[in-house]
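Below is one structure, written out as structure tokens; the observations come after it.
The values are calculated or read from the model by the stated rules, or taken from the named source; none is laboratory data. On a predicted model such as this, the values are computed, not experimentally measured, just so you know. Cβ: placed from backbone, ideal geometry, glycine included. Neighbour counts: every protein chain shown. The protein model used for the area step is the full one, side chains on, heavy atoms only, and it has no ligands, DNA or RNA in it. Shrake-Rupley method; radii C 1.70, N 1.55, O 1.52, S 1.80 Å.
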Amino acid sequence: ACLPDRVSEFRDGVGRAIEYAKTLDVPQLNCLVGIRPQQMDARRAFDTIVENLRFAAAELKSEGIRLLVEPCNAFDIPGFALNRSTEALDVIEAVDSDNLYLQYDIYHMQRMEGELAATIERNLPRIAHIQLADNPGRHEPGTGEINYPFLFAWLDKLGYDGYIGCEY
């Protein structure tokens, strides 16, 4: 989604993603925005992401499917175009669609920003899916530094009623 020379390929992919989602009865899709080439201006990548996600959000909305965008940490995926929740939220604000949400990956955001409980609470209205792994090493909960019993209780207290995906 961040590459200006692949916009038509991205848009074709949205159509295929809708077909798959409808066949599998999937209510929401995550768009990984991709790796920005080092020589590409960050603003150009941002603008391309916004235009592509604006298109995708509208197409998916017409089919009753939500669009999610996920920031990924810069350590495991160097050059990824969105690395922090604030960057993804800036994109969401610029797209200005009621059909674009944040996919909050606890592992990635622990690596990039910490403050998991406060960040989730502050942004919960824009979070449509949470996924997890423990840090370090992207292993199962309880093998690293993240206090999952606290975090799960916190999510319950906040009223999060979505799924929590496990990706480790």
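Summary of computed values
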quantity	calculated
Shape call, region 1-45: gyration tensor on alpha carbons, a/c limit 1.5	prolate
Protein accessible area in region 1-157, 1.4 Å probe - carbon and sulfur %	50
Tail beyond 24 Å, pair distance distribution of the chain (Cα, percent)	36
Cα pair distances of region 82-125 binned at 10 Å [whole percent]	28, 57, 15
Residues of region 5-24 with amide N under 11 Å of the 7 Å Cα→Cβ point at I77	none
Contact order relative to length of region 15-168, as percent, for alpha carbon pairs under 8 angstrom and 6 or more apart	19
Accessible area expressed per residue, region 94-168, with surrounding protein chains retained (probe 1.4 Å, Å²)	50
5 Å binning of all Cα-Cα separations within region 18-84, expressed as whole percents from 0 upward	4, 16, 23, 20, 15, 13, 7, 1
Net charge contributed by nearby residues that have their C-beta within less than 13 Å of L89 (K/R +1, D/E -1)	-3
Solvent accessible area, Å² - R11, 1.4 Å probe, full protein context	90
Region 15-72 and region 101-122: distance between their alpha carbon centers, rounded to Å	20
